[in-house]
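Each remark here refers to the structure printed beneath this line.
The values are calculated or read from the model by the stated rules, or taken from the named source; none is laboratory data. All figures in this text were calculated on a predicted structure; none of them were measured in a lab. Heads up, the Cβs are rebuilt from the backbone with ideal geometry, glycines too, and the neighbour counts pull from every protein chain shown. Note: areas computed on protein heavy atoms with side chains; ligands, DNA, RNA excluded. Shrake-Rupley method; radii C 1.70, N 1.55, O 1.52, S 1.80 Å.
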Amino acid sequence: MSLTLNLARSGERLAHLLIQAGITNHQVLEAIARVPREAFVQPALTHKAYENTALPIGKGQTISQPAIVARMTEIIIDNEAPVKNVLEIGTGCGYQTAVLAQLFDKIYTVERISSLQFQARRLLRQLDLHNINFKHGDGWKGWSSKAPYDAIIVTAAAANLPTKLLEQLTDGGTMVIPIGTEEQVLKRIIRTGDDYQITDVANVKFVPLVAGDTE
Ligand code: SAH
């Protein structure tokens, strides 16, 4: 494939690393290549921004590993039903949000830590991404007033399946979510009416989806 966008030449390098890691979807690779990951990490860590690793972003949280961001995005795209709107739980620094915003019409993203949400909102605006709606709140509840969503992506590990999120998925929609505490498994869930078909994708390591409160 040829990646010729010059906004983030290093993003292209990352896309090539992800090809080696088994990511094949060209739309996803191009979205990764377009997003300058260094803008999402702390200044002292920019030299590591284009490595395939998770990094700290403050407040005990992390920016996800690029291969996981790519894999979760691929799972959403791979579903046969067309995807227009996506709900993301756990905005964090906004990197996954930025990747999603390249690919889908409308992104809704929920974060419980207001300072992270504020920074992400500012950065994504600076990057000229205007198809994103932000909410400060508890991701276990989703964002019911904007539901249903063609896809839901949860970027923190839930101890069990959040039923409110299942209800907010369109018929035929896909949810991708890490489940577990110490041992976590990334699950793909496809809704058909009131049935949810659940498939294990991979073992993963995410920060926890915290219950209830916000800060
Ligand atoms: N999407 C990010 C990863 C963020 S890490 C990326 O692209 O790198 C997970 C985020 O989920 C953290 O910012 C954490 O504060 C948030 N989070 C944890 N529990 C939550 C909850 N119950 N509701 C909303 N956000 C939550």
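Some values worked out for this structure:
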item	result
Among (1) in contact with a helix residue (DSSP H, G or I) (Cβ under 8 Å, 6 or more places away or on another chain); (2) open to solvent by less than 40 Å² (accessible area, probe 1.4 Å); (3) within 16 Å of residue 77 (Cα to Cα) - the single one residue 170 does not satisfy	(1)
In segment 84-96, residue farthest from the ligand (Cβ to nearest atom) [restricted to those that are open to solvent by less than 30 Å² (accessible area, probe 1.4 Å) and within 12 Å of residue 152 (Cα to Cα)]	85
Enumerated helices (runs of 4 or more DSSP H) restricted to segment 1-118, each holding at least 1 residues that are within 27 Å of residue 142 (Cα to Cα)	26-34, 66-78, 95-103
Test set (1) within 12 Å of the ligand (Cβ to nearest atom); (2) crowded, with 20+ Cβ neighbours inside 10 Å - residue 123 fails condition number	(2)
Selection count where residues are more than 10 Å from the ligand (Cβ to nearest atom) and either aliphatic (A, V, I, L, M) or within 15 Å of the chain's Cα centre (by Cα) (or both), scope segment 106-120	3
Residue match in segment 133-154 (condition: open to solvent by 30 Å² or more (accessible area, probe 1.4 Å), within 20 Å of residue 187 (Cβ to Cβ), within 13 Å of the ligand (Cβ to nearest atom) and in contact (Cβ under 8 Å) with a residue 12 or more places away in the chain)	yes
Unmet criterion (only one of (1) within 14 Å of the ligand (Cβ to nearest atom); (2) surrounded by fewer than 24 Cβ atoms within 10 Å (Cβ to Cβ)) for residue 100	(2)
